[in-house]
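Novice: First, the structure itself, so that you have it in front of you.
The values are calculated or read from the model by the stated rules, or taken from the named source; none is laboratory data. Computed from a prediction, not measured in an experiment: that's the story for all the values here. As a convention, Cβ positions derive from the backbone with ideal geometry for all residues, glycine included, and neighbour counts pool all protein chains shown.
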Amino acid sequence: MRVAVAGSHGTGKSTLVAAFLDRCPSYVHEPESFETLGDDVEIEGEGPTAEGLRLLLEHTASVIETHGPGACVIFERSPVDYLAYAAASRSWPSGAAADFLDAALPVVRRALRGLDLIVFLPVSARGPSARPDESPRFRKRVDRALGRALLDDEHDLFGGPAAPRVVALPPGLEDRVAELVRLTGRRV
């Protein structure tokens, strides 16, 4: 199964992926694109610039394409996350977020055909806290935008037979890992 873990920064994506891989070592781990491209991604204000997000999205989409149906892979961010970061940005020039979304939606739709499951880690009082160097307001705006995109299908991404299933995971690492193992049909 091709699984992407979605969530705002500091919601426990890396921790969940590491714990899942401990239980399901046959899965391949694809790290967040920022880990690969970080030096090439310009940060301005609260998050990446529009060009930085475009680079991250394109890299994520190209990595997803390398794993065909039947692959056992877990991606440490979904293509939809970049839509949420654009929607939540308040430091971009007027109209830049709308322009980014218009250009990114076709890329995201194509990339989603390469996923079977997206698990969403919402911000929770019981979950990890934002790091001191991050804006809790920006984190919450990204979380709300992700909820609208993933759960409410604000961008009309999940209609059709090739769309991945989307599941919001409960707070708490052990509960999240158990549910992800169950969703992937893995036996440990």
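Novice: Across segment 159-170, what is the total count of residues that are surrounded by fewer than 18 Cβ atoms within 10 Å (Cβ to Cβ) and within 20 Å of Y85 (Cα to Cα)?
Specialist: Here the count works out to 2.
Novice: Here's something else I'd like to know. On the basis of being touching a Pro at 6+ places or on another chain (Cβ under 8 Å), in a helix (DSSP H, G or I) and crowded, with 19+ Cβ neighbours inside 10 Å, does L56 make the cut?
Specialist: Taking the combined requirement at face value, the residue satisfies it.
Novice: Across segment 59-77, which residue is surrounded by the most Cβ atoms within 10 Å (Cβ to Cβ) among those that are of a type in the set (S, T, N, Q) and in a helix (DSSP H, G or I)?
Specialist: Looking at the filtered set, the residue picked out is T60.
Novice: For segment 27-41, name all the residues that are at pLDDT below 95 and either surrounded by 15 or more Cβ atoms within 10 Å (Cβ to Cβ) or more than 17 Å from the chain's Cα centre (by Cα) (or both).
Specialist: Within segment 27-41, E32, S33, F34, T36, L37, D39, D40, V41 meet the criteria.
Novice: List, please: which pairs have Cβ atoms under 9 Å, are six or more places apart or on different chains, and start with a residue in segment 168-179 that is farther than 16 Å from L117 by Cβ and end with one that is aliphatic (A, V, I, L, M) and surrounded by fewer than 16 Cβ atoms within 10 Å (Cβ to Cβ)?
Specialist: From residues that are farther than 16 Å from L117 by Cβ, the pairs are P171/A125.
Novice: Follow-up question, since we're still on this one. For segment 42-67: of the residues being without any contact (Cβ under 8 Å) to a residue 12 or more places away in the chain and farther than 21 Å from V142 by Cβ, which is farthest from the chain's Cα centre (by Cα)?
Specialist: T66
Novice: Given (1) out of contact with any Asp or Glu (no Cβ under 6 Å at 6 or more places or on another chain); (2) surrounded by fewer than 23 Cβ atoms within 10 Å (Cβ to Cβ), where does S91 come up short, assuming only one miss?
Specialist: Evaluating S91 over (1) out of contact with any Asp or Glu (no Cβ under 6 Å at 6 or more places or on another chain); (2) surrounded by fewer than 23 Cβ atoms within 10 Å (Cβ to Cβ) leaves (1) as the failure.
Novice: Further, regarding this structure: Within segment 171-185, track down each residue that is surrounded by fewer than 13 Cβ atoms within 10 Å (Cβ to Cβ) and charged (D, E, K, R).
Specialist: Listed by number, the residues that qualify are E174, D175, R182.
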